[in-house]
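Colleague: First, the structure itself, so that you have it in front of you.
The values are calculated or read from the model by the stated rules, or taken from the named source; none is laboratory data. Model, not experiment: these values are computed from the prediction. All Cβ positions, glycine included, derive from the backbone under ideal geometry; neighbour counts span all protein chains shown.
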Amino acid sequence: MMVMMSGARSQLLLLVLFVAIFHLLVQEKSTTAEGLIMCNEGERQALLDFKQSLQVVDQVGNGGLSSWDGKDCCAWTGVYCNIFKGYVETLDLSERFWLVSGTISPSLLKLQHLSGLFLRENDFNGSRIPEFIGSLKNLVYLDLSLANFKGPIPSQLGNLSKLETLCLGSVLDPNYLYNMNFNNKFPKLFSGNLEWLSRLTSLKHLDLSFTNLSKASDWLQVVNQLPFLEKLSMNDCDLPSAFPSSLSLVNSSTSLTSLHLSGNYLTSSAIYPWLFNVSSNLVFLDLSRNQLKGPIPESFGNMVDMEYLSLSHNQLEGGIYRSFWSMCSLRYLVMESNHLSAFGFVQNTSFGTADSLEDLRLAQNQLMSSVLNEVANLSSLRVLDLGYNLLKGTISESIGQLSNLWVLRLAGNSFENVVISEAHFSNLTKLWELDLSYTSLTLKFNSGWIPPFQLGDILLSSCKLGPRFPEWLRTQNLVRALDISVAEISDSLPHWFWDQYYQMEYLNLSFNQINGTLPSNSIEMSRLDLSSNNLSGPLPRVLSVLLSLNLSKNKFFGSISSICNIINKDGLRVLDLSINQFSGVVPNCFAQFPKLTALNLADNNLSGPISSSLGSLASLEMLSLHGNRFAGKLPSSPWNCTKLKFLDLSDNRLSGKLSLWNSQSLPRLVFLNLQNNQFTGKIPFQLCGLKHIQILDLSVNKISGTIPGCLNNFTSMAQKVDLDQRIEHLFTVPRFGYVTNHPYGAFVELNYVDEALLVWKGKKQLYAKILGLLLVIDLSSNKLTGEIPEEISSLQELIALNLSRNFLTGQIPRKIGQLGQLQSLDLSRNKISGSIPPSLSELTFLGSLDLSYNYLSGKIPSGTQLQGFDPSIFSHNHGLCGPPVTPNCSGSVEVPQGQLERGQDDFDEFLEWFYAGMGIGFVVGFWGFCGALLFKRSGRHSYFRFLDEVKDWLYVTYALQKARLERRIQA
């Protein structure tokens with residue numbers, strides 16, 4: 001009975017307590033309904049003051065922090081309050097707004113109960129982190145990562161004794177930041193030492209990635225003093241690898257489970273002793289992109305709880321040995337870009353790793369073919385990346401038994417004469433990505449084969465698939481990326497192809513012999529490359545190409561006006577329609593493509609003036625209009641293409657004065673080719689402002705005046721600088737499907753390589769792979785006068801100089817021998833006189849020389865270089881003597897028989913034209929004069945009156961001179 005009474009009393013007390021709490025909640029709600037505020041008025045005003053210090057752009061389109069209005073600040077976006085007492089506990093503006101400019105107001109100090117401050121991914125314009133944040137004593141979470149702060153990290157942050165999470169760097173995927181070059185976009189924070197961190201004894205999560213800690217030699221000592229630290233991220237911090245000799249290896253942070261130290265300068269001898277002393281609890285370890293060398297220590301095998309291990313992009317050697325396979329929890333092993341040569345000891349499936357390993361990435365090492373047989377025992381594998389190793393020989397069909405495999409990458413190996421059949425894919429029902437690019441594999445499947453998988457990414461470049469178009473592709477309905485370039489396909493596109501594949505992210509059919517046309521309706525892709533085929537027809541009416549479109553080297557025809565209908569204009573980076581049969585006027589719509597990097601319309605039949613809208617492309621780096629029928633003058637308004645590196649307008653019908661606007665318009669120009677047009681006027685002085693120019697071709701025009709002496713401003717030609725072999729344009733784009741766990745990151749760097757026709761040693765040749773190494777000036781076939789400026793001798797890195805077929809006078813510069821890298825020199829068919837400078841014989845790399853048809857004289861300088869040339873390069877300089885023209889310079893000049901014969905032929909031809917012209921001149925002159933006297937009376941009278949006046953003038957002049965002479969004799 002007493003027990004029952006006690007139970008009833010307890011239930012009654014619980015009921016009373018529940019009613020009381022309910023009453024309080026109802027009362028709280030009612031007071032709010034009556035207009036009473038939940039948040040403290042002082043905190044509300046503090047938030048408004050904080051808002052006033054910012055200039056906010058709301059990416060959602062609500063006009064900024066529009067919700068920050070009214071009396072209830074706890075209802076404002078990003079503000080979180082205590083539900084019982086109403087004070088502000090958390091302020092979170094991360095991932096919602098982009099703070100274009102502004103500062104953090106000290107009014108936040110009035111939020112005395114603030115425990116969480118999140119300002120991640122905003123833009124505070126490179127300002128410093130305010131020191132007063134260290135006075136927010138109740139802060140538990142502080143996230144200022146990716147908020148564009150720079151300068152020193154304030155040591156006052158060490159006063160936040162309750163802090164458990166501190167993020168000042170990057171909390172995103174480091175591969176993302178690495179590929180996107182955020183290192184330059186966001187100025188780095190820095191800290192000379194990290195003593196202030198040691199006072200944050202409650203810290204569990206610390207992220208200082210992408211801050212400069214190069215002088216923080218105490219970083220490891222400080223980490224040892226954080227007893228509760230679980231996750232440490234110091235990616236790309238320039239961490240010093242030298243530690244104090246007094247550093248204790250005893251780690252007081254026994255809870256450390258996640259360690260991110262990629263992208264530093266850590267060496268094996270520096271980090272290994274500390275690492276293996278604290279490794280017992282590690283679950284995640286990233287030491288990629290450091291300076292680890294030598295064999296992989298067996299001590300890694302003691303990390304029995306490890307799930308993710310990345311040692312990629314180091315200089316590790318040897319193999320992955322038995323000790324690794326005692327890591328029974330290991331799921332991800334990332335070791336690409338090292339010097340590893342062996343992978344073994346997985347045959348014994350008793351090791352736990354053989355059952356747990358899901359992701360194995362060993363690309364870009366020196367592994368041999370045996371690894372393919374060994375990985376077949378890893379039954380849990382989902383990702384296998386062995387690309388760019390030394391694999392060769394056969395591929396075992398046992399790889400087809402990896403039933404859990406999603407990703408198979410064998411690209412960049414050498415499997416010549418190896419055939420892949422259906423058996424290699426027999427049980428790969430989950431396969432999503434297949435990358436066999438650049439392996440020379442032959443894929444030979446039975447007709448009608450239906451694969452057991454549905455692929456998303458099919459990358460088979462340089463595999464042998466032809467000559468017929470692969471029919472099994474018709475069964476793949478989920479494809480987002482298809483690359484079957486250089487696949488020896490000489491067939492027509494099947495009727496089903498565009499119906500099935502008109503909409504994907506990436507399609508590359510280049511360098512085959514594929515026939516067919518594009519669909520007439522629309523194509524929706526991020527990257528489309530159909531270059532170097534036999535495709536024909538007009539462009540589709542609608543194109544939706546996000547990044548690049550390459551239709552070059554085909555037989556497309558008609559107008560290109562439909563490019564104005566490209567959807568997603570803000571994303572287009574590359575447009576290449578070169579070497580086709582397009583015609584008509586280029587549309588004036590390029591201002592719609594603000595991110596266009598490369599535009600190539602070369603070798604078509606396009607006509608009309610150059611579109612003025614091209615000058616508004618601020619991101620343009622490459623423009624080629626070569627080999628068309630463009631006419632008229634260059635646009636008169638200055639171009640805004642300040643990033644332009646490559647400009648080719650050669651082989652057109654452009655005219656007018658040569659104008660490059662001003663040196664600020666094209667400050668980065670490397671390649672300028674205006675050859676074979678009709679430009680007139682002088683070489684503009686602005687040309688000398690192109691300091692980075694490497695190839696300058698103004699040949700075959702009507703340019704007059706003198707060669708400016710300021711060409712020595714061409715820094716790339718005057719000084720030894722590092723040159724890229726190719727002139728290319730790089731840009732970073734998301735990988736297919738925005739894959740974040742790709743071994744090379746979520747982004748990929750694409751490049752567009754320029755190519756150009758240049759006259760080299762008298763022949764026109766196409767250059768692409770080594771175009772960036774050529775340093776050329778070609779001003780030939782113009783109307784230039786005056787002397788060759790001495791300043792040209794200062795271009796010590798110049799490789800080719802062509803000033804032929806002008807009207808240049810004076811002498812060859814005395815110091816021309818300073819052009820030590822010169823391989824080709826052509827000064828022929830000018831009016832250059834004087835002797836050949838002795839320094840010319842010092843050009844040891846000179847392989848092509850032509851000084852013919854000038855007025856040179858004297859002895860040819862001795863030296864094996866000049867004497868080794870054919871005598872014809874000195875022809876029609878009748879004052880030259882010495883080898884190779886004559887044996888010596890004594891007596892008359894002896895000209896070799898071959899040269900005499902060529903000279904006699906030229907002279908005979910000259911006499912024929914001379915006599916013919918004399919005869920015509922006599923007839924015209926005689927009848928022009930005598931006919932006028934015969935048929936025009938007034939003419940005859942004027943002529944004889946003129947003769948009488950001349951006779952009288954001669955008589956008077958003679959008489960006066962005779963009288964003067966007689967007077968002098970008599971005197």
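Colleague: For the condition of a type in the set (Gly, Ala, Ser) and farther than 29 Å from ILE703 by Cβ, what is the one hit in GLY817, GLY810, GLY834, GLY858?
Modeller: Exactly one residue qualifies, and that residue is GLY858.
Colleague: Within region 765-823, can you find the residues that are without any contact (Cβ under 8 Å) to a residue 40 or more places away in the chain, hydrophobic (A, V, I, L, M, F, W, C) and either assigned to a strand (DSSP E or B) or under 16 Å from ASN712 (Cα atoms) (or both)?
Modeller: Correct list: LEU766, ILE799, LEU801, ILE816, LEU819, LEU822.
Colleague: Of all residues being polar (S, T, N, Q) and surrounded by fewer than 23 Cβ atoms within 10 Å (Cβ to Cβ) in region 598-624, which is nearest to ARG653 (Cα to Cα)? Just the residue, please.
Modeller: Filtering first and then ranking leaves SER607.
Colleague: Scan region 645-668 and give yes if some residue there is hydroxyl-bearing (Ser, Thr, Tyr) and without any contact (Cβ under 8 Å) to a residue 24 or more places away in the chain, otherwise no.
Modeller: So far as region 645-668 goes, no, none of its residues is hydroxyl-bearing (Ser, Thr, Tyr) and without any contact (Cβ under 8 Å) to a residue 24 or more places away in the chain.
Colleague: So, one more: Looking at GLY393, is it at pLDDT below 95 and either of a type in the set (A, V, I, L, M) or in contact with a Ser or Thr (Cβ under 6 Å, 6 or more places away or on another chain) (or both)?
Modeller: So GLY393 passes the test.
Colleague: Considering region 855-871 alone, what residues qualify as being in a loop (DSSP other than H, G, I, E, B) and of a type in the set (Ser, Thr, Tyr)?
Modeller: SER862
Colleague: Only one of (1) at pLDDT below 90; (2) under 52 Å from the mean Cα position of the chain (by Cα); (3) surrounded by 17 or more Cβ atoms within 10 Å (Cβ to Cβ) fails for THR77. Which number is that?
Modeller: (3)
Colleague: Mind checking which residues of region 114-161 are of a type in the set (A, V, I, L, M, F, W, C), part of a strand (DSSP E or B) and more than 24 Å from ASN193 (Cβ to Cβ)?
Modeller: Within region 114-161, LEU117, PHE118 qualify.
Colleague: Next question, about the same structure. Give me a count of the residues in region 808-834 that are more than 10 Å from ASN854 (Cα to Cα) and in contact with a Lys or Arg (Cβ under 7 Å, 6 or more places away or on another chain).
Modeller: Residues meeting the conditions: 1.
Colleague: Scan region 608-623 and tell me whether some residue there is at pLDDT below 95 and more than 28 Å from the chain's Cα centre (by Cα).
Modeller: So far as region 608-623 goes, yes, one or more of its residues are at pLDDT below 95 and more than 28 Å from the chain's Cα centre (by Cα).
Residue-by-condition table, conditions (1) modelled with pLDDT under 80; (2) over 18 Å from the mean Cα position of the chain (by Cα); (3) of a type in the set (Asp, Glu):
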residue	(1), (2), (3)
THR740	yes, yes, no
VAL748	yes, no, no
GLU755	no, no, yes
LEU775	no, yes, no
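Colleague: So PHE343 ticks every box in (1) at pLDDT 85 or above; (2) out of contact with any Cys (no Cβ under 8 Å at 6 or more places or on another chain) but one. Which box is left unticked?
Modeller: In the conditions (1) at pLDDT 85 or above; (2) out of contact with any Cys (no Cβ under 8 Å at 6 or more places or on another chain), PHE343 misses (1) alone.
Colleague: Hey, PRO244 hits all of (1) buried (at least 16 other Cβ atoms within 10 Å of the Cβ); (2) modelled with pLDDT under 85 but one; which does it fall short on?
Modeller: Status for PRO244: all satisfied but (1).
Colleague: Scan region 576-597 residue by residue and report those that are aliphatic (A, V, I, L, M) and buried (at least 22 other Cβ atoms within 10 Å of the Cβ).
Modeller: Hits for region 576-597 are LEU577, VAL586, LEU596.
Colleague: Separate question: Among what's in region 268-279 and is more than 13 Å from LEU239 (Cβ to Cβ) and touching a helix residue (DSSP H, G or I) at 6+ places or on another chain (Cβ under 7 Å), pick the residue that is surrounded by the most Cβ atoms within 10 Å (Cβ to Cβ).
Modeller: Checking each candidate, the answer is SER279.
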